Amino acid sequence: MKKKTFLSVTMAFGLIAVLAACGDAENNNGGADNGADNGANNTEENVSDNNEADAANSEYSSGDASYVIEAGIGLNNQHPQYEGLLRFKEIVEEETDGDVYVETYHSSQLGDDREMMEALQLGSQEVTIPSTAPVTNFVDEYAILDFPFLFANEEVAMEVLNGEMGDELLDSLEDQEMVGLAWWENGYRDLTNSTQPVETAEDFQGLTIRTMENEVHLEAFSELGANPTPMAFGELFTGMQQGTVDGQENPLATIYLEGFYEVQDYYSDTNHVYSPFVFLMSKSFYDSLPDDYQELVGDAAQEAGEFQIEQNRAQNEEMLESLIDEGMEHSEVTDEAREEMAEIVQPVNDQFAEQLDQDFVERFFQAVEDAEEMHQ
Ligand code: KDG
């Protein structure tokens, strides 16, 4: 289990003090080796292949169901996130005896994170499970989850997310016509690039890095001297292959399972942001379900999430060796180097925190501090 020893309450307190004072086209990739089909294109062929795979995973059929859930993610079908989605499908179909049927889509077949969230708002798609970063475009307070070096370890993150503050963030989605049902885990994000080993804050200078569509990430990488470029996940492999960007940042499982090692030479264990996934359902669909089914899909999202988190952590631990076997050079980032990065980006955290509801920010940092006491 990763343990972050460098930053924690001290910085959170610093922040509070400041606040107080201020009042695919055939784009694919790599996954070739591991059999992943991570085409981002939503072609009829792709979708129908997927439906066939879905049918093979189920003894039920959409034709017999009263409710059909179209569930899409951006990552490919090798990623533990997809395994989690299949687990959700299995639980929901079994417990409703096929009355609720779940069609699963991966590799951005239904669109990128933002498009899928918009489809949830319109009621034309039922489920998606993005990293929380793009959710900031819908609810401002989600920005706090993107503050670099926020959570000291995964247990602290889960304690906060599964507590009152996490519930509040899930509830805040209702105004955006979405229902947040559970927290899943993407994990600590690390940097890869095709240009140079990155071990210290200075090494970010001049690197063009793809980020998720999120202002905190853009500002933080700019502060480190990089040139951040927001890009949908489905375009990322081609972007790296064609040299539009030098690098990107994602957890180890994604870097390996999406085959990024085919177009990236250097891996740095920066662990700069802990990235949760949030399980989202269209509110109009959720409201159309009878009470017992509403409870059932909530419980299933939670249970499948626990399974996903277990698989995800195991894979994130295993994948480093695989990346090295594939020829990536591993640059080890020391705690001191992370502390320096954290100091450089702290003004970005402060600036964004000032723009959020101050009561929320204070309670959030208090929850982080309490969780850190429990999980040091
Ligand atoms: O399925 C989740 C993906 O769509 C995305 O959120 C992955 O972290 C991600 C990224 O870098 O876009």
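Here are some notes:
- Gyration tensor (Cα) of segment 227-283, equivalent ellipsoid semi-axes in angstrom: 22, 15, 12
- When the Cα convex hull of the chain is projected onto planes of every orientation, the mean area is 17.1 nm².
- Calculated on alpha-carbon atoms, Rg and Dmax of segment 269-360 in Å: 20.0, 53
- Percent of C-alpha pairs per 10 Å bin in segment 93-155, short distances first: 18, 36, 29, 15, 1.
- Calculated SAXS-style log₁₀ I(q)/I(0) at q = 0.19, 0.26 Å⁻¹ - segment 141-208, Debye, Cα scatterers: -0.84, -1.22
- Over the chain, DSSP H runs of length four or greater, each weighted -39,500 (n - 2.57), average out per residue to a 222 nm ellipticity of -14000 deg cm²/dmol.
- Across segment 138-227, Cα pairs under 8 Å and at least six residues apart give a relative contact order of 27 percent.
- As a ratio to 2.2 N^0.38 Å, the alpha-carbon radius of gyration computed for segment 49-172 takes the value 1.17.
- Segment 180-283: proportion of alpha-carbon pairs further apart than 22 angstrom, %: 27
- Pairwise Cα separations in segment 315-376 fall into 5 Å bins from 0 onward with the following percentages, short to long: 4, 13, 11, 14, 18, 14, 12, 9, 5, 1.
- Within segment 188-246, all pairs of alpha-carbon atoms sorted by distance into 10 Å bins from zero give the percentages 24, 58, 18.
The numbers here are math on the coordinates, done by the rules we state, and not lab data. This is a predicted model, so every value here is computed, not measured.
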